[in-house]
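Enquirer: Quick one: this structure, given as C-alpha coordinates, is what I'll be asking you about.
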Amino acid sequence: MATLDLPLMLWSNLKDTDLSVLLANYRTLLPETLQKEVFRYRRKVDQANCLVGKLLLYAGHYLGTGTLLDFDTFSKGFHKKPFLLNSPLHFNISHSGHTVTSLFGTTPVGIDVEKIQANKLEDFPNLFTEGELKDITTGGMHRFFYYWTRKEAVVKANGKGMGIPFTAIDTQKPEIVLEQKKWRIHSFEWEGYACSYVLEQHFPKIQLLEMVF
(Lines give C-alpha, C1' and ligand atoms only; values in the text may rest on other atoms or scores of the structure.)
Protein backbone atom coordinates (compact mmCIF):
# COMPACT_ATOMS: atom_id res chain seq x y z
CA MET A 1 0.00 0.00 0.00
CA ALA A 2 1.39 3.39 -1.00
CA THR A 3 1.84 6.09 1.62
CA LEU A 4 2.30 9.83 1.34
CA ASP A 5 5.87 11.07 1.71
CA LEU A 6 4.53 14.65 1.78
CA PRO A 7 1.07 16.00 2.64
CA LEU A 8 -1.13 16.28 -0.45
CA MET A 9 -3.47 19.18 -1.24
CA LEU A 10 -6.03 18.95 -4.04
CA TRP A 11 -7.62 22.14 -5.37
CA SER A 12 -10.55 22.62 -7.75
CA ASN A 13 -12.15 25.82 -9.06
CA LEU A 14 -15.66 25.46 -10.50
CA LYS A 15 -16.13 29.03 -11.72
CA ASP A 16 -16.23 28.04 -15.41
CA THR A 17 -17.89 24.66 -14.86
CA ASP A 18 -21.46 23.82 -15.89
CA LEU A 19 -22.73 22.82 -12.46
CA SER A 20 -25.84 21.05 -13.77
CA VAL A 21 -23.72 18.80 -15.98
CA LEU A 22 -21.26 18.20 -13.15
CA LEU A 23 -24.02 17.13 -10.77
CA ALA A 24 -25.67 14.92 -13.38
CA ASN A 25 -22.43 13.20 -14.39
CA TYR A 26 -20.89 12.53 -11.00
CA ARG A 27 -23.66 12.25 -8.39
CA THR A 28 -24.20 8.53 -9.01
CA LEU A 29 -20.60 7.80 -8.01
CA LEU A 30 -21.68 8.43 -4.42
CA PRO A 31 -23.77 6.10 -2.26
CA GLU A 32 -27.31 7.23 -1.57
CA THR A 33 -26.48 8.59 1.89
CA LEU A 34 -23.83 10.95 0.49
CA GLN A 35 -26.06 11.96 -2.43
CA LYS A 36 -28.62 13.06 0.15
CA GLU A 37 -25.92 15.10 1.87
CA VAL A 38 -25.13 16.82 -1.43
CA PHE A 39 -28.73 17.74 -2.20
CA ARG A 40 -29.45 18.87 1.34
CA TYR A 41 -28.00 22.18 0.13
CA ARG A 42 -30.43 24.51 -1.62
CA ARG A 43 -28.03 26.43 -3.89
CA LYS A 44 -26.58 24.58 -6.86
CA VAL A 45 -23.08 25.91 -6.22
CA ASP A 46 -23.16 24.48 -2.69
CA GLN A 47 -24.39 21.15 -4.03
CA ALA A 48 -21.54 21.11 -6.53
CA ASN A 49 -18.97 22.06 -3.89
CA CYS A 50 -20.14 19.27 -1.60
CA LEU A 51 -20.02 16.76 -4.45
CA VAL A 52 -16.56 17.83 -5.58
CA GLY A 53 -15.34 17.61 -2.00
CA LYS A 54 -16.24 13.91 -2.06
CA LEU A 55 -14.60 13.48 -5.48
CA LEU A 56 -11.40 15.06 -4.16
CA LEU A 57 -11.55 12.64 -1.24
CA TYR A 58 -11.79 9.75 -3.70
CA ALA A 59 -8.86 11.06 -5.76
CA GLY A 60 -6.72 11.87 -2.72
CA HIS A 61 -7.29 8.46 -1.21
CA TYR A 62 -6.17 6.75 -4.40
CA LEU A 63 -3.11 8.98 -4.78
CA GLY A 64 -2.20 8.50 -1.13
CA THR A 65 -2.80 4.77 -0.76
CA GLY A 66 -2.90 3.31 -4.27
CA THR A 67 -6.31 1.78 -3.48
CA LEU A 68 -9.85 2.68 -4.48
CA LEU A 69 -11.97 4.33 -1.82
CA ASP A 70 -15.05 2.58 -0.50
CA PHE A 71 -17.38 5.47 0.34
CA ASP A 72 -19.09 3.28 2.93
CA THR A 73 -16.00 3.82 5.11
CA PHE A 74 -16.75 7.55 5.26
CA SER A 75 -17.77 8.51 8.77
CA LYS A 76 -17.83 11.41 11.24
CA GLY A 77 -16.50 11.65 14.77
CA PHE A 78 -18.12 13.02 17.95
CA HIS A 79 -17.56 16.62 16.87
CA LYS A 80 -18.53 15.78 13.28
CA LYS A 81 -14.96 15.74 11.96
CA PRO A 82 -15.00 13.37 8.96
CA PHE A 83 -12.66 10.39 8.78
CA LEU A 84 -12.26 7.09 6.92
CA LEU A 85 -12.62 3.81 8.77
CA ASN A 86 -9.53 1.55 8.59
CA SER A 87 -7.55 4.02 6.48
CA PRO A 88 -3.97 5.23 7.07
CA LEU A 89 -4.92 8.67 5.74
CA HIS A 90 -6.20 11.70 7.60
CA PHE A 91 -8.04 14.30 5.54
CA ASN A 92 -9.96 17.53 5.71
CA ILE A 93 -12.12 19.36 3.15
CA SER A 94 -13.11 23.01 2.74
CA HIS A 95 -15.00 25.04 0.15
CA SER A 96 -15.97 28.65 -0.45
CA GLY A 97 -17.36 30.47 -3.45
CA HIS A 98 -16.54 28.28 -6.44
CA THR A 99 -13.45 26.67 -4.91
CA VAL A 100 -13.04 23.33 -3.17
CA THR A 101 -9.86 22.07 -1.56
CA SER A 102 -8.80 19.05 0.47
CA LEU A 103 -5.72 18.05 2.43
CA PHE A 104 -4.35 14.57 3.11
CA GLY A 105 -1.64 13.37 5.47
CA THR A 106 -0.55 10.48 7.66
CA THR A 107 -1.33 12.50 10.82
CA PRO A 108 -4.31 14.78 11.62
CA VAL A 109 -4.68 17.78 9.30
CA GLY A 110 -6.95 20.80 8.95
CA ILE A 111 -7.65 23.14 6.05
CA ASP A 112 -9.84 26.16 5.40
CA VAL A 113 -10.39 28.23 2.26
CA GLU A 114 -12.35 31.48 2.06
CA LYS A 115 -13.12 33.83 -0.82
CA ILE A 116 -11.63 37.24 -0.02
CA GLN A 117 -14.44 39.79 0.05
CA ALA A 118 -15.58 42.86 1.94
CA ASN A 119 -16.90 42.28 5.47
CA LYS A 120 -17.69 44.52 8.40
CA LEU A 121 -15.31 43.67 11.22
CA GLU A 122 -17.94 44.58 13.81
CA ASP A 123 -20.10 41.73 12.50
CA PHE A 124 -17.50 39.26 13.80
CA PRO A 125 -17.05 40.07 17.50
CA ASN A 126 -14.95 38.03 19.92
CA LEU A 127 -13.01 36.17 17.22
CA PHE A 128 -9.58 37.77 17.16
CA THR A 129 -6.86 38.52 19.68
CA GLU A 130 -5.78 42.08 20.32
CA GLY A 131 -2.68 41.65 18.14
CA GLU A 132 -4.68 40.11 15.29
CA LEU A 133 -7.26 42.91 15.43
CA LYS A 134 -4.53 45.51 15.24
CA ASP A 135 -3.06 43.85 12.16
CA ILE A 136 -6.50 43.53 10.52
CA THR A 137 -7.27 47.20 11.18
CA THR A 138 -4.07 48.11 9.35
CA GLY A 139 -4.10 45.48 6.63
CA GLY A 140 -7.79 45.15 5.79
CA MET A 141 -9.74 42.16 4.51
CA HIS A 142 -6.71 40.23 3.28
CA ARG A 143 -5.48 40.09 6.89
CA PHE A 144 -8.99 39.33 8.15
CA PHE A 145 -9.21 36.22 6.00
CA TYR A 146 -5.58 35.34 6.73
CA TYR A 147 -6.38 34.99 10.42
CA TRP A 148 -9.89 33.60 9.90
CA THR A 149 -8.64 30.69 7.80
CA ARG A 150 -5.78 30.01 10.21
CA LYS A 151 -8.16 29.72 13.15
CA GLU A 152 -10.61 27.56 11.20
CA ALA A 153 -7.83 25.23 10.05
CA VAL A 154 -6.59 24.82 13.64
CA VAL A 155 -9.98 23.92 15.12
CA LYS A 156 -10.71 21.58 12.21
CA ALA A 157 -7.40 19.78 12.74
CA ASN A 158 -8.11 19.59 16.45
CA GLY A 159 -11.51 18.11 15.68
CA LYS A 160 -13.64 20.23 18.01
CA GLY A 161 -14.56 22.92 15.51
CA MET A 162 -16.35 25.95 16.92
CA GLY A 163 -16.32 24.33 20.36
CA ILE A 164 -13.00 26.13 20.87
CA PRO A 165 -13.20 29.93 21.35
CA PHE A 166 -11.39 31.69 18.52
CA THR A 167 -9.97 34.27 20.92
CA ALA A 168 -8.08 31.43 22.62
CA ILE A 169 -6.19 30.76 19.38
CA ASP A 170 -3.43 33.26 18.64
CA THR A 171 -2.39 32.60 15.05
CA GLN A 172 0.15 35.37 14.61
CA LYS A 173 2.93 32.83 15.03
CA PRO A 174 3.58 29.85 12.70
CA GLU A 175 3.05 27.36 15.53
CA ILE A 176 0.35 27.05 18.15
CA VAL A 177 -0.07 24.70 21.11
CA LEU A 178 -3.68 23.70 21.67
CA GLU A 179 -4.68 21.14 24.29
CA GLN A 180 -1.04 20.04 24.67
CA LYS A 181 -0.60 19.40 20.96
CA LYS A 182 1.56 21.52 18.66
CA TRP A 183 0.18 22.56 15.28
CA ARG A 184 2.10 24.19 12.44
CA ILE A 185 0.11 26.70 10.40
CA HIS A 186 0.73 27.63 6.76
CA SER A 187 -1.16 30.26 4.76
CA PHE A 188 -1.27 31.52 1.18
CA GLU A 189 -3.53 33.32 -1.30
CA TRP A 190 -4.48 31.93 -4.70
CA GLU A 191 -6.92 33.21 -7.32
CA GLY A 192 -8.71 35.56 -4.92
CA TYR A 193 -8.96 33.06 -2.08
CA ALA A 194 -7.23 32.86 1.29
CA CYS A 195 -6.22 29.37 2.37
CA SER A 196 -4.58 28.00 5.51
CA TYR A 197 -3.64 24.47 6.41
CA VAL A 198 -2.43 22.89 9.64
CA LEU A 199 -0.12 19.91 10.20
CA GLU A 200 1.23 18.10 13.24
CA GLN A 201 4.64 17.61 11.68
CA HIS A 202 6.98 20.02 9.92
CA PHE A 203 7.33 19.60 6.17
CA PRO A 204 9.40 21.96 3.99
CA LYS A 205 6.73 21.72 1.30
CA ILE A 206 3.57 19.88 0.32
CA GLN A 207 2.24 18.41 -2.91
CA LEU A 208 -0.37 20.61 -4.62
CA LEU A 209 -2.49 19.37 -7.52
CA GLU A 210 -5.31 21.20 -9.28
CA MET A 211 -8.22 18.96 -10.30
CA VAL A 212 -10.55 19.81 -13.19
CA PHE A 213 -14.04 18.34 -13.53
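The values are calculated or read from the model by the stated rules, or taken from the named source; none is laboratory data. This is a predicted model, so every value here is computed, not measured. Neighbour counts run over all protein chains shown; Cβ positions are idealised from the backbone, glycine included. Note: accessible area is taken over every heavy atom of the protein model, side chains too, but ligands, DNA and RNA are not part of it. Shrake-Rupley method; radii C 1.70, N 1.55, O 1.52, S 1.80 Å.
Enquirer: Within the stretch 79-176, which trypsin sites (Lys or Arg not before Pro) sit in a loop by DSSP and count at most 13 neighbouring Cβ atoms inside 10 Å? Walk me through the intermediate numbers first.
Expert: Values: sites: 80, 115, 120, 134, 143, 150, 151, 156, 160; in loops: 80, 120, 160.
In loop regions of the stretch 79-176 (DSSP not H, G, I, E or B), the sparsely surrounded trypsin sites (Lys or Arg not before Pro) are 80, 120.
Enquirer: Any idea of residue 116's accessible area? Nearest 10 Å², probe 1.4 Å.
Expert: Approximately 40 Å² of residue 116 is accessible to the 1.4 Å probe.
Enquirer: Follow-up. Mind checking the dipole of the stretch 1-137: about its Cα centre, +1 per Lys or Arg Cβ, -1 per Asp or Glu Cβ, Debye to the nearest 20?
Expert: Approximately 460 debye in magnitude.
Enquirer: Mind ranking 183, 148, 190 by accessible surface for me, highest first, 1.4 Å probe? If you can, show how the numbers build up before the last one.
Expert: Working: 183 5, 148 40, 190 70 Å².
Final ranking, largest accessible area leading: 190, 148, 183.
Enquirer: Among 136, 163, 29, which residue has its Cα furthest toward the positive end of the charge dipole of the chain, with +1 on Lys/Arg Cβ and -1 on Asp/Glu Cβ?
Expert: 163
Enquirer: I would also like to ask the following. Checking a compactness column here: for the stretch 91-213, what do you get for Rg(Cα) / (2.2 N^0.38 Å), N being the number of residues?
Expert: Details: Rg = 13.9 Å, N = 123, 2.2 N^0.38 = 13.7 Å.
Against the empirical 2.2 N^0.38 Å value, I get 1.02 for the stretch 91-213.
Enquirer: Loop-only GluC sites (Glu not before Pro) in the stretch 145-184, please: DSSP not H, G, I, E or B, and at most 14 other Cβ atoms within 10 Å.
Expert: Working: sites: 152, 175, 179; in loops: 179.
Within the stretch 145-184, the qualifying GluC sites (Glu not before Pro) (loop, at most 14 other Cβ atoms within 10 Å) are 179.
Enquirer: Which three extents, in angstrom, do the Cα atoms of the stretch 1-61 have along their principal axes, listed largest first?
Expert: Extents along the principal axes: 38, 27, 17 Å.
Enquirer: Continuing with this model, one more query. Direction-averaged shadow area of the convex hull around the Cα atoms of the stretch 78-163, nm²? Mind showing how you got there, number by number?
Expert: Details: hull surface 26.1 nm².
It is 6.5 nm².
Enquirer: For the stretch 168-213, state the average projected area of the convex hull of the C-alpha atoms over all orientations, rounded to one decimal in nm².
Expert: On the way: hull surface 18.9 nm².
Computing the convex hull of the Cα atoms and averaging its projections yields 4.7 nm².
Enquirer: Give me the accessible area of residue 211, 1.4 Å probe, in Å² rounded to the nearest 10.
Expert: Residue 211 exposes around 50 Å² with every protein chain in place.
Enquirer: Also, quick follow-up: Quick check: with the 1.4 Å probe, what order do 197, 26 take by accessible area, largest first? Don't skip to the end; give the middle numbers.
Expert: On the way: 197 25, 26 70 Å².
Sorted descending by solvent-accessible area, the residues read 26, 197.
Enquirer: Work out, in µm²/s and without decimals, the Stokes-Einstein translational diffusion coefficient of the stretch 1-117 at 20 °C, 1.002 mPa s, Rh from Kirkwood over C-alpha pairs. Let's see the in-between values first.
Expert: Working: Rh = 14.7 Å.
D, rounded to a whole number, is 146 µm²/s.
Enquirer: To continue, here is another question. How would 166, 124 rank on accessible area, largest to smallest, probe 1.4 Å? Intermediate values should be presented prior to the final figure.
Expert: Numbers: 166 5, 124 55 Å².
Output order, biggest surface exposure first: 124, 166.
Enquirer: Under 29 Å Cα-Cα from residue 182, which lysines qualify once same-chain neighbours fewer than 8 residues away are excluded?
Expert: Counting by Cα, and skipping residues close in sequence, residue 182 has these lysines nearby: 54, 76, 80, 81, 115, 134, 151, 156, 160, 173, 205.
Enquirer: What is the Rg over Rh value, at two decimals, for the chain, using alpha-carbon atoms and the Kirkwood definition of Rh?
Expert: Working: Rg = 17.1 Å, Rh = 17.8 Å.
My calculation of the ratio gives 0.96.
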